[in-house]
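Please treat every number below as a calculation from the coordinates, not as lab data. Keep in mind that what you see is a predicted model, and the values were worked out from it rather than measured. Here the Cβ positions follow ideal geometry from the backbone for every residue, glycine too, while neighbour counts run over all protein chains shown.
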């Protein structure tokens, strides 16, 4: 099934709907909140939404940090529209908006719930760059992924 979609700038008014989409994927993540999304949106280098017929299907927020310099803070697609190439379309559009040579980083908890996200990052050319022990508290390690934009 081919969806007629449009990638556009993410607006502040989209954040509540984006949060609902993200909560379906990650219902027990305490960091995932409207305040988190607003803060990341304020720091955004790139913020994009993907929609079909005025329905928000997902979004991505990439922000400037201190070290390393660019973070993929959030990228999510409505679970009902997965496996239609929307994530790839959103990601490639986001990457085109970043300067060549930029290194994009992303952290994922090292557990089964995030395995689809890890598979997506690897498909998009990210490399597993290391692991941080106890990053989110006892027994909560994260895996760092990075990719240089070409």
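Any chance you could check the Cα centroid distance between the range 1-58 and the range 72-126 for me, in angstrom?
If we compute the Cα centre of each part, the gap is 13 Å.
Hey, rough spin-label estimate for residue 150 and residue 79, points 7 angstrom out along Cα→Cβ, what's it come to in nanometres?
Rounded to a tenth, the inter-label distance reads 3.5 nm.
Quick one: divide the alpha-carbon radius of gyration of the range 22-97 by 2.2 N^0.38 Å and tell me what you get. If you can, show how the numbers build up before the last one.
Working: Rg = 12.6 Å, N = 76, 2.2 N^0.38 = 11.4 Å.
For the range 22-97, the normalised Cα radius of gyration is 1.11.
Using only the alpha-carbon atoms of the range 6-148, report the extent along each of the three principal axes, biggest first, to the nearest angstrom.
43, 35, 29 Å, listed from the longest principal axis down.
With a 10 Å radius around each residue's Cβ, average the other Cβ atoms per peptide and rank 88-94, 29-35, 98-104, highest first.
88-94, 98-104, 29-35
Take every DSSP beta bridge whose two residues both sit in the chain, then give the antiparallel share in percent to the nearest 5.
Among the beta bridges of the chain, antiparallel pairing accounts for roughly 95 percent.
Mind giving me the FRET efficiency for residue 33 and residue 96? R0 is 35 Å, r the Cβ-Cβ distance, nearest 0.05 is fine.
0.75
May I ask for the Rg/Rh ratio of the range 1-56, computed from Cα atoms with Rh as the Kirkwood radius, given to two decimals?
Expressed as Rg/Rh, it is 1.00.
Under the Kirkwood approximation for Rh and a Cα-based Rg, what ratio Rg/Rh is obtained for the range 76-150?
Using Cα coordinates only, the ratio equals 1.00.
Using Cβ contacts closer than 10 Å as the measure, can you line up 47, 66 from fewest to most?
66, 47
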